[in-house]
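Some notes on the structure that comes next.
The values are calculated or read from the model by the stated rules, or taken from the named source; none is laboratory data. This one's a predicted model, so the numbers in the text were calculated from it and none came from an experiment. A quick note on method: Cβ atoms are made from the backbone with ideal geometry, for glycine too, and the neighbour counts reach across all protein chains shown. SASA here: full protein model, heavy atoms, side chains in, ligands and nucleic acids out. Shrake-Rupley method; radii C 1.70, N 1.55, O 1.52, S 1.80 Å.
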Amino acid sequence: MPEIKACLFDLDGVIVDTARYHYRAWKQLANDIGFDITEEDNERLKGVSRMRSLDIILEIGGVELDQKTKVKLAEMKNLRYVEDISLMDKTEILPGVEQFIQELKDSGIKVGLGSASKNSTMILEKINMLHYFDCIVDGNKIENAKPDPEVFLKGAAELNMSPENCAVFEDAIAGIEAARNAGMVCIGIGSETTLQNADLVISSFGGITWQIIKEKINNL
């Protein structure tokens, strides 16, 4: 197993739990159009681009719209979402994440963000974690959404690292596939059943150290 010299993190569901804010904004949008979505429906939107998420929601509601209307609706959803996340602070950081990333920095491991979110910099500023990241590759820099590996390959390039020397931390199936497509070690955050294609899975960062992860990777 090649030495891991850089770690790339997804944002939503890994560093912070913004899924509830996305859900609230998408649910309100669906209600405005005339139907409803469930939390189970929302699971299908994790790690997916904004426009693809809208397409999924419209499929659920059996609604067809022209592209101009869809762009307008996506912008409306994003305004509601941004309004919510603008109130975020450090209390929204998921347990153990900041300590884990600090340990990576102390160990000389490069840290990057690989997220479909176009609001990632704002969120990191709100939770006071922007300074930890050596690079940020998000929805503003990529053309292809996960499971396409573009976001992680660009992250490796910006960190001047080979993909084989990178590990990815992801909570979404599409993100796991993207990491594998990039040829990187992938650590799933969440359920082993859901994230069975990851190289290894942890339920959360609580009680997890870089030493523990490194030993698990070396045993793959």
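Anisotropy class assigned to segment 1-95 is prolate, per the alpha carbon gyration tensor with a/c at or over the 1.5 cut-off and a/b larger than b/c. Shown in residue order for segment 120-136 are the 3J(HN,Hα) couplings computed by the Karplus curve 6.51 cos²θ - 1.76 cosθ + 1.60 at θ = phi - 60°: 4, 4, 4, 5, 4, 5, 4, 9, 6, 10, 4, 5, 6, 9, 7, 7, 10 Hz (x for Gly and Pro). Summarising the amide proton neighbourhood of Val201: residues at separation of 5 or more, or on other chains, whose placed amide H is nearer than 5 Å comprise Gly188. When the helices of the chain are scored as -39500 (n - 2.57) per DSSP H run of n ≥ 4 and the total is divided over every residue, the value at 222 nm lands at -13000 deg cm²/dmol. By the rule of a C-alpha distance below 24 Å, with chain neighbours fewer than 8 residues away ignored, the lysines paired with Lys70 are Lys27, Lys46, Lys118, Lys141, Lys146.
Could you compute the FRET efficiency for Glu3 and Glu92, with r as their C-beta to C-beta distance and R0 at 45 Å, rounded to 0.05?
Computed FRET efficiency for Glu3 and Glu92: 0.85.
Along the chain, the exposed loop sites are GluC sites (Glu not before Pro) outside DSSP states H, G, I, E and B with at most 13 other Cβ atoms within 10 Å, and the longest stretch free of them is 65-142.
Working from label points 7 Å from Cα in the Cα-to-Cβ sense, the Met76 to Glu125 distance is 2.8 nm.
Per residue, segment 35-92 exposes 61 Å² of solvent-accessible protein surface, assessed with a 1.4 angstrom probe and all protein chains in place. Can you tell me how segment 49-113 classifies by the Cα gyration tensor, rounded, prolate or oblate, using a/c under 1.5 as the rounded cut? Verdict is prolate for segment 49-113. Where the convex hull is taken over the Cα atoms of segment 116-175, what is its projected area averaged over directions, in nm²? Mean shadow area of the hull around the Cα atoms is 4.3 nm². Using only alpha-carbon positions in the chain, the gyration tensor eigenvalues give semi-axes of 30, 18, 16 Å once each is multiplied by 5 and square-rooted (largest first).
Could you tell me the distance between the Cα centroids of segment 71-137 and segment 150-182, to the nearest Å? Centre-to-centre (Cα) distance: 17 Å.
Over segment 44-165, all Cα pairs binned in 10 Å intervals from 0 give whole-percent P(r) values of 11, 35, 35, 15, 4, 0, listed from short to long. If a/c stays under 1.5 just call it rounded; otherwise compare a/b with b/c (prolate if a/b is bigger, oblate if not). Do that for segment 123-220, with a ≥ b ≥ c from the square roots of the Cα gyration tensor eigenvalues. Rounded, because the longest to shortest axis ratio a/c is under 1.5. Overall dimensions of segment 11-66, expressed as equivalent-ellipsoid semi-axes from the Cα gyration tensor (√(5λ), whole Å, largest first), are 20, 12, 9.
The dipole here belongs to the chain: it is taken about the Cα centre, uses +1 on the Cβ of Lys and Arg and -1 on the Cβ of Asp and Glu, and is about 360 debye.
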